[in-house]
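Scroll down for the structure; my scribbles are underneath it.
What follows is calculated from the coordinates using simple rules that are stated; it is not laboratory data. In this text the structure is predicted, and so the values were computed from the model without any measurement. Using ideal geometry, Cβ is built from the backbone for each residue, glycine included, and neighbour counts are taken over all protein chains shown.
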Amino acid sequence: MLQWKFHLKGEEDMKWKTRVTDLLNIKYPIIQGGLAYLAYSDLAAAVSNAGGLGQITAMSLDSPEALREEINRLKQLTDKPFGVNFAIGQHGRPFSHYLEAALDEQAPVISMTGGNPAPIFDMLKGVDVKKLVLVAAKRQAIKAEELGADAVMVVGQEGGGHLGKNDTGTFVLIPQVVDAVNIPVIASGGIGDGRGLMAALALGAEGIEMGTRFIATKECVHASDEYKNKLIQGSENDTVIIKRTLGSPARAISNAWTDKILELERTAGTYEALKDYISGKANQKFIHEGMMDEGFAWAGQVMGMIHDSPSVSELMDRIISQAETIRKNWTE
């Protein structure tokens, strides 16, 4: 059941309270997405310090030891809650030792994306950690609740990176999931400002997850200037869905590289034909090195709403200020 409310104290800022803020012990119901090869301690700490939940991406790191080091760096930058995201099934490596490392370093939140989360739930039995699962369909949300998820993050087809197989938009998907589960729902896909936050709450969600918008920030230091500029200068029409033929559709910035991927999908369509074009190495050439013609970069349609690259703190303040203005207009 939806549970969120606002507390007003005269002209002071609103205090936000939802089951998501209570669950994660955060000030604002805003979560930073996993962001493969981008979500490290700098960005995660900045989001957590600004009142949201920052996350480190586990499986983009070379080893469990590297994950331990990244978590320890994050702890030096913030004393606030944070999460460790596991993109299961997308990196082709066993995740158990990474999960052990995250638990050893006392990560308070574990989130799961991109695969069957059941093996992680098995490993988390009896462990005092909050469990979030990213889903793209109502049935996936129901299954996540049955497995023991504390909340589900629900991504509509507007989102960047890996999406559901059905082209269901956020505005249609969120209310369906809210009606189908009892745990808190966190909206994702097409959200990048205070209007999106308030829209998500109106749909019955109790928080939001943002990925693409957090890339175009100063603290996302691993993202190349070329990547950030592309997000700022592009529109929602500058994205494309790739990997449909593999059964794992994902939204990326449209460029010559994705044109080649789509051509291969039309003519060959096999993983062997595509693997070099959709590899992590090809992804990093664009996002880390700015080699836009030699790789690809994930992005959601929200890039049409991105016009600058502020600090995370500035972005969060802007989102909350805009949302507060909307809420005040609603109550006048």
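Data overview
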read-out: Under-5 Å amide H pairs with residue 31, H placed in peptide plane, nonlocal only; value: 53, 208, 209, 210
read-out: Computed FRET value (nearest 0.05) for residue 263 with residue 328, which takes r as the C-beta separation and R₀ as 41 Å; value: 0.20
read-out: Amide proton proximity set for residue 82, modelled H, under 5 Å, gap of 5+; value: 109
read-out: Whole-Hz couplings from phi, Karplus 6.51/-1.76/1.60, listed for the range 162-171; x for Gly and Pro; value: 6, 10, x, 6, 9, 7, 9, x, 4, 5
read-out: Filtered trypsin sites (Lys or Arg not before Pro), the range 230-332: DSSP coil and at most 14 other beta carbons within 10 Å; value: 275
read-out: Shape of the range 184-332, Cα gyration tensor, a/c cut at 1.5; value: prolate
read-out: Cα centroid separation - the range 79-129 against the range 264-332, whole Å; value: 23
read-out: Considering only the chain, percent of DSSP beta bridges that pair antiparallel, nearest 5; value: 30
read-out: Sparse-neighbour loop sites [trypsin sites (Lys or Arg not before Pro); the range 64-151; at most 16 other C-beta within 10 Å; DSSP]; value: 125
read-out: Candidates 301, 322, 32, ranked by Gaussian network fluctuation over the chain, Cα under 10 Å, top entry; value: 322
read-out: Volume in Å³ per residue [convex hull over Cα atoms, computed for the chain]; value: 123
read-out: Normalised alpha carbon radius of gyration of the range 225-302 [divisor 2.2 N^0.38 Å]; value: 1.03
read-out: Separation in nanometres of the label points that stand 7 Å from Cα toward Cβ, at residue 289 and residue 195; value: 3.9
read-out: Diffusion constant of the range 31-110 at 37 °C, which comes from Stokes-Einstein with the Kirkwood Cα-pair radius and 0.692 mPa s, µm²/s; value: 272
read-out: Three-way shape label, the range 60-173, alpha-carbon gyration tensor, a/c 1.5; value: prolate
read-out: Karplus 3J(HN,Hα) series, Hz, for the range 21-27 with 6.51 cos²θ - 1.76 cosθ + 1.60 (x for Gly, Pro); value: 5, 5, 4, 9, 6, 10, 6
read-out: Which listed pairs, of 165/230; 165/275; 80/230; 75/260; 15/230, have C-alpha distances above 30 Å, in listed order; value: 80/230; 75/260; 15/230
read-out: Karplus-derived 3J(HN,Hα), 6.51/-1.76/1.60, for each residue of the range 234-244, Hz, glycine and proline x; value: x, 10, 4, 7, 9, 10, 8, 8, 10, 6, 4
read-out: Rough spin-label spacing in nm, given labels placed 7 Å along Cα→Cβ, for residue 166 and residue 127; value: 3.1
